[in-house]
1. If Pro112 satisfies all but one of (1) under 19 Å from Gly133 (Cβ atoms); (2) surrounded by 15 or more Cβ atoms within 10 Å (Cβ to Cβ); (3) out of contact with any Gly (no Cβ under 9 Å at 6 or more places or on another chain), what's the number of the condition it fails?
2. Hey, does the stretch 150-168 have a residue that's modelled with pLDDT under 95, hydrophobic (A, V, I, L, M, F, W, C) and assigned to a loop (DSSP other than H, G, I, E, B)?
3. Restricting to the stretch 121-137, name every residue that is within 16 Å of Met1 (Cα to Cα) and either out of contact with any helix residue (DSSP H, G or I) (no Cβ under 7 Å at 6 or more places or on another chain) or surrounded by fewer than 18 Cβ atoms within 10 Å (Cβ to Cβ) (or both).
4. Hey, could you check the stretch 95-109 for residues that are at pLDDT 85 or above and under 15 Å from Ala47 (Cα atoms) and say which is surrounded by the fewest Cβ atoms within 10 Å (Cβ to Cβ)?
5. Looking only at the stretch 83-134, filter to residues that are touching a Lys or Arg at 6+ places or on another chain (Cβ under 7 Å) and of a type in the set (Gly, Ala, Ser); which one of those is nearest to Arg73 (Cα to Cα)?
6. Among the residues of the stretch 66-83, is any part of a loop (DSSP other than H, G, I, E, B) and in contact with a Gly (Cβ under 7 Å, 6 or more places away or on another chain)?
7. Sort through Arg41, Arg73 and tell me the only one that's without any contact (Cβ under 8 Å) to a residue 60 or more places away in the chain and either closer than 22 Å to Asp116 by Cβ or β-branched (Val, Ile, Thr) (or both).
8. Arg62 passes all but one of (1) among the charged types (D, E, K, R); (2) in a helix (DSSP H, G or I); (3) in contact with a strand residue (DSSP E or B) (Cβ under 7 Å, 6 or more places away or on another chain); which number fails?
Amino acid sequence: MMTKKEIRQHIRSLTAAKNADCKARQAEVVTQRLCEIITERKPKIVAAFMPMSDEIAIDIKRLSTLCRVVIPRITSHSDGQAEMEFFDYNTAEIGSGAYGINEPQGEDIVQPEQIDIMILPGMAFTTRGERLGRGKGFYDRYTSREGFRAYCIGVCFAHQILTTLPTEPHDRLIDEVIFGEA
C-alpha cells in the first residue's frame with residue numbers, strides 16, 4: 001500500500017492531467033446530487049468549502065439558494081493554534097485567506113452543533129467513507145468537537161476514489177461519498 005504522502009502526490013498528478021471540461025462535468029454531477037440531498041434532508045445549515053485549485057469546484061452559490069451555507073476560515077486561537085471555524089457564505093464578503101483559499105470575512109462563528117450537513121473535500125476517499133485529507137487535520141479536529149453531529153458528505157473527482165486508504169485511530173468515517181463520473 002502507498003503511504004499517505006505517495007497517495008497525495010499520485011492524486012495531484014491525476015487531477016492535473018484532467019482537462020477543465022472533464023472537471024466541470026464532474027463538478028456538475030456532484031453539485032446536482034448535493035442539491036438533491038439538501039432538498040430531501042431539508043437542513044437549516046450546510047457547511048461547504050471554497051475549493052483549492054486541485055479540488056472539485058462544487059457550485060456553492062447554487063447550494064445557497066436552497067439553504068443557509070457556511071464556509072470555513074482558518075483562525076488563530078489565543079494559544080497560537082490554527083483552527084477552522086465556519087462563517088456565513090456571502091459573495092460580497094469573501095477574501096483571500098490562509099493557504100491561498102478564499103475565506104469568509106464575517107465575524108459570527110457558526111457553532112459545530114448548528115451544522116446539519118458538512119461537505120468535505122479530500123485528496124482521496126473510499127466508498128466505505130474513509131477520507132484522506134491534506135494532512136493538516138483541520139476537518140478531523142472540527143468533526144471531533146463537542147456537539148458536532150452533522151451528516152458528513154465527501155466530494156471528489158472519480159479518480160479520487162480508491163479501494164483502500166491508510167487510516168489511523170483518530171480518522172472519522174464520513175457518512176456518504178459523492179464523486180463525478182469519469
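1. (3)
2. no
3. Those that are within 16 Å of Met1 (Cα to Cα) and either out of contact with any helix residue (DSSP H, G or I) (no Cβ under 7 Å at 6 or more places or on another chain) or surrounded by fewer than 18 Cβ atoms within 10 Å (Cβ to Cβ) (or both): Thr126, Glu130, Arg131.
4. Checking each candidate, the answer is Asp108.
5. Gly97
6. Initially, the stretch 66-83 is screened for residues part of a loop (DSSP other than H, G, I, E, B), giving 66-67, 77-81.
Add one more test, that the residue is in contact with a Gly (Cβ under 7 Å, 6 or more places away or on another chain), and what stays is none.
No, the stretch 66-83 contains no residue that is part of a loop (DSSP other than H, G, I, E, B) and in contact with a Gly (Cβ under 7 Å, 6 or more places away or on another chain).
7. On the way: Arg41 fails: without any contact (Cβ under 8 Å) to a residue 60 or more places away in the chain.
Result: Arg73 is the single residue among Arg41, Arg73 that is without any contact (Cβ under 8 Å) to a residue 60 or more places away in the chain and either closer than 22 Å to Asp116 by Cβ or β-branched (Val, Ile, Thr) (or both).
8. Looking at each condition in turn, Arg62 falls short on (3).
The values are calculated or read from the model by the stated rules, or taken from the named source; none is laboratory data. In this text the structure is predicted, and so the values were computed from the model without any measurement. All Cβ positions, glycine included, derive from the backbone under ideal geometry; neighbour counts span all protein chains shown.
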